[in-house]
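Notes follow the structure.
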Amino acid sequence: MFIYREWDRFCFEISNKNINCLTASDALKAAKTNLNYLIIKHDVETGVKKALKIAQIENKYNVKSTFYVQSYLLESERNIKLLKKIYELGHEVTYHYDVLDSNYGNYDLATIEFEETMLKFTELFDSVKTVCPHGNPIMKRKGWNSNKDFFRNKTIKNKFSNLSDIVIN
């Protein structure tokens, strides 16, 4: 859905039907209850300004969602300001990681990149509880299948046991 008017109508309907929308991290707590809820996730790979517009529409209807952001977007002060606005609206802003692909399957280098990027996210957005792998359908891989393999690795999973990968977990 790339038409703001349609997204506005969708959020209105969610609100009108009293559907609880939770961020992915809030859903971790709610999963232990009988609460019915909806999780909306957005993968932010380019248009941070567009992501803010989506967040503002959702905020109008008290719809909370999670924005999974690629790390290179944190290199721009302009993007950081926009992402902080999304966060200040009550949405979750966290890491859309691509570390195995960017390090050609090298888990040691991928771990270093992941740790460095997580520091940036936690400095900007406090406690980060969920992450989401990015997929690259044209990447030629040898020795790993996708970025999902990062959190499928038991050593990695144990090292970052405070995080929940929403695809793996």
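Points worth noting:
- Relative intensity, log₁₀ I(q)/I(0), of the range 3-45 from a Debye sum that treats every alpha carbon as a point, q = 0.16, 0.17, 0.18 Å⁻¹: -0.51, -0.57, -0.62
- Solvent-accessible area, 1.4 Å probe, carbon plus sulfur percent, for the range 1-60: 52 percent
- In this structure the range 1-93 gives 60 Å² per residue of accessible area when probed at 1.4 Å with all protein chains present.
- In Å², nearest 10: area of TYR4 left accessible to a 1.4 Å probe: 80 Å²
- Cα-based equivalent ellipsoid, the chain: semi-axes from gyration tensor eigenvalues, Å: 28, 18, 15
- Rough spin-label spacing in nm, given labels placed 7 Å along Cα→Cβ, for GLU75 and LYS60: 3.4 nm
- For HIS42, residues with placed amide H under 5 Å, excluding near neighbours: THR66, PHE67, TYR68
- Inter-label distance, nm, simple model (7 Å from Cα along the C-beta direction), TYR4/ALA30: 2.6 nm
- Counting 0.36 nm for each residue step from VAL167 to SER15 and taking away their Cα separation leaves a gain of 52.1 nm.
- Remark on the range 31-74: Rg and Dmax equal 12.7, 38 Å (Cα only).
- The range 66-133, accessible surface, carbon-and-sulfur percent (1.4 angstrom probe): 50 percent
- Folded to 0 to 90 degrees: helix 107-125 orientation relative to the chain principal axis, Cα: 30 degrees
- By average C-beta atoms within 10 angstrom, highest first, the peptides 41-52, 97-108: 97-108, 41-52
The values are calculated or read from the model by the stated rules, or taken from the named source; none is laboratory data. Every value quoted in this text rests on a predicted model; they were computed, and no experiment measured them. Heads up, the Cβs are rebuilt from the backbone with ideal geometry, glycines too, and the neighbour counts pull from every protein chain shown. The accessibility values were calculated without ligands, DNA or RNA, using every heavy atom of the protein model including side chains. Shrake-Rupley method; radii C 1.70, N 1.55, O 1.52, S 1.80 Å.
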